[in-house]
Amino acid sequence: MSGSHLWLIVVAGGPLILLLVIAYVLITRRRRGPAERRESDRAAERLYQEEGD
């Protein structure tokens, strides 16, 4: 392998790996359901109220 081939792999492979990682994260991330969102909102509201006291 010459130096130019190695450079091509690095230059093309880096963004390709980054794209694959981003796609994997977007596909596998879990979305919260309505009940989880409501509970999270209630917890945040409790924290804000405790902070104000």
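The values are calculated or read from the model by the stated rules, or taken from the named source; none is laboratory data. Fair warning: this is a prediction, and the values are worked out from it, not measured in the lab. Don't worry about glycine lacking a Cβ; one is built from the backbone with ideal geometry, like all the others, and counts go over all protein chains shown.
For the range 24-44, check the following and say yes or no: at least one residue is in a helix (DSSP H, G or I), surrounded by 10 or more Cβ atoms within 10 Å (Cβ to Cβ) and under 15 Å from the mean Cα position of the chain (by Cα). Checking the range 24-44: at least one residue is in a helix (DSSP H, G or I), surrounded by 10 or more Cβ atoms within 10 Å (Cβ to Cβ) and under 15 Å from the mean Cα position of the chain (by Cα).
Checking the condition hydrophobic (A, V, I, L, M, F, W, C), at pLDDT below 90 and out of contact with any Gly (no Cβ under 6 Å at 6 or more places or on another chain), which residue from 27, 17, 22, 9 passes?
Values: 27 fails: at pLDDT below 90; 17 fails: at pLDDT below 90; 22 fails: at pLDDT below 90.
Going through 27, 17, 22, 9 in turn, the sole match is 9.
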